[in-house]
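The values are calculated or read from the model by the stated rules, or taken from the named source; none is laboratory data. Quantities reported herein were computed from a predicted structural model and do not represent experimental measurements. Cβ placement follows ideal geometry from the backbone for every residue including glycine, while neighbour counts extend to all protein chains displayed.
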Amino acid sequence: MAIESWFFLSTMAFALSMDAFSMSLAVAMKRKIPVNKMCTALVVGLFHMGMPFLGLISGTWIAASFEQTAMMAAGVLLFVIGLQMIVSSWKKDAEQESMILPVGLRVFIFSFFVSLDSFSIGITLGILKAELFSVLLLFGLFSGIFTWLGLTLGKYMQQSLGRYGEMIGGIILLSFGLKLAL
């Protein structure tokens, strides 16, 4: 795989990981209940591999069926997901109070919610015919590391950092979307 592809996929993996990072950061800052950081990071990483895998399979089928339209749709999809991440980064604290604490079996629910956007990105990458192994490796690695970092650093950081992390991820995805759509 070319260096440009690794950079593109790493940047996208970083952007998607900001959602997991900001939620982990918020959990660590707001809750006093201990969370198993390694287990949560591992499960989030696995979900960030499984969801884009399903999306890649769907996206590959879409690309084979509707080549030109699929490329435009991929750009619009990235733009919308990026915009949604930016908007959600400014939600009020009261809305964040209902967050799911990743303890026990709820770690799977937490992981599912923070990896939902990676399914759509997987569709986009399937349309773009991205290399499956690279996508899964980078998405899982980045999201696992950033989840662990969020849970570890949460008690030391100010609450606004989580918002800015998600916003940065949204801006990156929005930019990729504009590039593809135009």
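Within the range 134-169, restricting attention to residues that are modelled with pLDDT of 90 or more and either over 15 Å from the mean Cα position of the chain (by Cα) or of a type in the set (A, V, I, L, M) (or both), which residue is surrounded by the fewest Cβ atoms within 10 Å (Cβ to Cβ)?
LEU137
With respect to the conditions (1) under 21 Å from SER175 (Cα atoms); (2) surrounded by fewer than 23 Cβ atoms within 10 Å (Cβ to Cβ); (3) at pLDDT 70 or above, ILE57 lacks only one, and its number is (1).
Scan the range 113-130 residue by residue and report those that are in a helix (DSSP H, G or I) and not polar (S, T, N, Q).
Once the filter is applied, which keeps residues that are in a helix (DSSP H, G or I) and not polar (S, T, N, Q), the range 113-130 yields PHE113, VAL114, LEU116, ASP117, PHE119, ILE121, GLY122, ILE123, LEU125, GLY126, ILE127.
Every residue, every condition in (1) surrounded by 15 or more Cβ atoms within 10 Å (Cβ to Cβ); (2) modelled with pLDDT of 75 or more; (3) within 21 Å of ALA15 (Cα to Cα), yes or no:
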{"position": "MET49", "(1), (2), (3)": "yes, yes, yes"}
{"position": "MET85", "(1), (2), (3)": "yes, no, yes"}
{"position": "GLN96", "(1), (2), (3)": "yes, no, yes"}
{"position": "LEU116", "(1), (2), (3)": "no, yes, yes"}
{"position": "THR124", "(1), (2), (3)": "yes, yes, yes"}
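Of the listed requirements (1) touching an Asp or Glu at 6+ places or on another chain (Cβ under 8 Å); (2) closer than 30 Å to LYS129 by Cβ; (3) at pLDDT below 80, SER22 misses just one: (2). For the range 25-42, filtering for residues that are modelled with pLDDT of 85 or more and buried (at least 21 other Cβ atoms within 10 Å of the Cβ) leaves 2. One residue stands out among those in the range 98-109 that are at pLDDT below 70 and within 28 Å of ILE123 (Cα to Cα): the one that is surrounded by the fewest Cβ atoms within 10 Å (Cβ to Cβ), which is MET99. Cβ-Cβ contacts under 8 Å between residues 6 or more apart (or on different chains), taken from a first residue in the range 117-129 that is under 14 Å from PHE47 (Cβ atoms) to a second residue that is of a type in the set (D, E, K, R) and in a helix (DSSP H, G or I), are listed as ASP117/ASP19.
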